[in-house]
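Q: Pasting a structure here, questions to come.
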Amino acid sequence: MIDQLFDLFLRCFPEYQTTRELFMELLKPEEAHILAEYAQGQLAGYAMVHAGSIPVLCVAEEHRRKGIGSRLLAAAEEYLRGRGAERLTLGCGPYYLLQGVPAVGENVPFFEKRGYTASWTSVNMELGLDGFDRNRLTIPPAPAGLEYRFAEKKDLPALLKAVEAAKEGWVDVFAGCKDPVFLAIMDGKIAGFEVLASDGGRFLRPGQQVGCVGCVGVIPEQREQGIGMDMVAQGIQWLKEQGCTLIELRYVWLDKWYDKLGFQTVAHQWMGEKTL
């Protein structure tokens, strides 16, 4: 069953090619409630449900416009209502691979017609590192005295306090983070932080070693000084030194900010949700 789910995902979202291992790790299909429809004994479409979210709903191209997607979505909504859910989100949730609905083709209109709305659209961005040099960037200078280093085990209490101040919803992410966490230190205290993963790419790019920058934050009292941008630039340089040739960003809404570092938008994700 898992192989069928993975194969259909790849066929439905060719621009988001990934590995079976990441599909399993990020979506946890064995823990999800799966609603499926078949045609001639073959999987025609399915909806994967986790808690109050649908991280994946896909229907094979040859079986579209036959009501399968509508029935799967309605069944998922009914399933969640029966478990007390009051709101349903598309993509983002406890487990996800696509943070929202890929804004291509008829995807977004399909959900809009069924009562879903989105207050924003996130983007995926990429930066090729061939020729990247942090020292050649034209970005605002960081404050004098700013230092950088990677977090150590002893930093965890202070790090979590800083994360809570900057973005409370990320505390659990950093509490269990296995990737290196890069810190900006000002006057001996954590002013900013970011996750750097030299193998953090989710989507396949043949011939590339894809790294990732994630969960970038600066504590409120240290913002608007250039710390965040300089910290990300330093982190990108480190990823390049680890052999990365491409950086992948996901779940981004500050796209104009990342533009200044050379990133380019490669995909849009419609962050749909609905009150049940």
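Q: Which of the residues that make up the stretch 149-174 are more than 18 Å from the chain's Cα centre (by Cα) and among the small types (Gly, Ala, Ser)?
A: Of everything in the stretch 149-174, those that are more than 18 Å from the chain's Cα centre (by Cα) and among the small types (Gly, Ala, Ser) turn out to be Ala151, Ala158, Ala162, Ala165, Ala166.
Q: Just to be sure, is Leu183 among the aliphatic types (A, V, I, L, M) and part of a loop (DSSP other than H, G, I, E, B)?
A: no
Q: Do you know which residues across the stretch 71-117 are over 22 Å from the mean Cα position of the chain (by Cα) and among the hydroxyl-bearing types (Ser, Thr, Tyr)?
A: Tyr79, the sole residue that qualifies.
Q: Any residue in the stretch 1-24 that is without any contact (Cβ under 8 Å) to a residue 40 or more places away in the chain sitting within a Cβ distance under 7 Å of a residue that is open to solvent by 40 Å² or more (accessible area, probe 1.4 Å) and outside any helix (DSSP H, G or I)? List the pairs, counting only those 6 or more apart or interchain.
A: Close Cβ pairs (under 7 Å, with a partner that is open to solvent by 40 Å² or more (accessible area, probe 1.4 Å) and outside any helix (DSSP H, G or I)) amount to Leu10/Gln17.
Q: How about the stretch 18-45: which of its residues are part of a loop (DSSP other than H, G, I, E, B) and either at pLDDT below 95 or of a type in the set (A, V, I, L, M, F, W, C) (or both)?
A: Selection gives Ala32, Gln40, Gly41.
Q: So which residues in the stretch 1-35 are of a type outside the set (Asp, Glu) and more than 18 Å from the chain's Cα centre (by Cα), if there are any at all?
A: Met1, Ile2, Gln4, Leu5, Phe6, Leu8, Arg11, Cys12, Ala32, His33, Ile34, Leu35
Q: Collect the residues in the stretch 58-71 that are open to solvent by less than 30 Å² (accessible area, probe 1.4 Å) and within 20 Å of Ala103 (Cβ to Cβ), keeping them in residue-number order.
A: Within the stretch 58-71, Cys58, Val59, Gly69 qualify.
Q: Turning to a different aspect of this structure: Failed condition for Ala191, given (1) crowded, with 20+ Cβ neighbours inside 10 Å; (2) assigned to a loop (DSSP other than H, G, I, E, B), with all others met?
A: (2)
Q: For the stretch 145-174, which residues satisfy the criterion of being closer than 15 Å to Gly214 by Cβ, small (Gly, Ala, Ser) and modelled with pLDDT of 95 or more?
A: Ala151, Ala166
Q: Can you find a residue in the stretch 41-48 that is in contact with a Lys or Arg (Cβ under 6 Å, 6 or more places away or on another chain), closer than 16 Å to Leu98 by Cβ and of a type outside the set (D, E, K, R)?
A: No - not one qualifying residue is present in the stretch 41-48.
Q: Enumerate the helices (runs of 4 or more DSSP H) found wholly within the stretch 73-178, keeping only those where 1 or more residues are open to solvent by less than 50 Å² (accessible area, probe 1.4 Å), among the β-branched types (Val, Ile, Thr) and in contact with a strand residue (DSSP E or B) (Cβ under 7 Å, 6 or more places away or on another chain).
A: 107-112, 156-166
The values are calculated or read from the model by the stated rules, or taken from the named source; none is laboratory data. Bear in mind that the values here come from a model prediction, so they are computed numbers and not experimental data. Counting neighbours? That spans all protein chains shown, and the Cβs are built from the backbone with ideal geometry, glycine included. Accessible surface areas use protein heavy atoms only, side chains included; no ligands, DNA or RNA. Shrake-Rupley method; radii C 1.70, N 1.55, O 1.52, S 1.80 Å.
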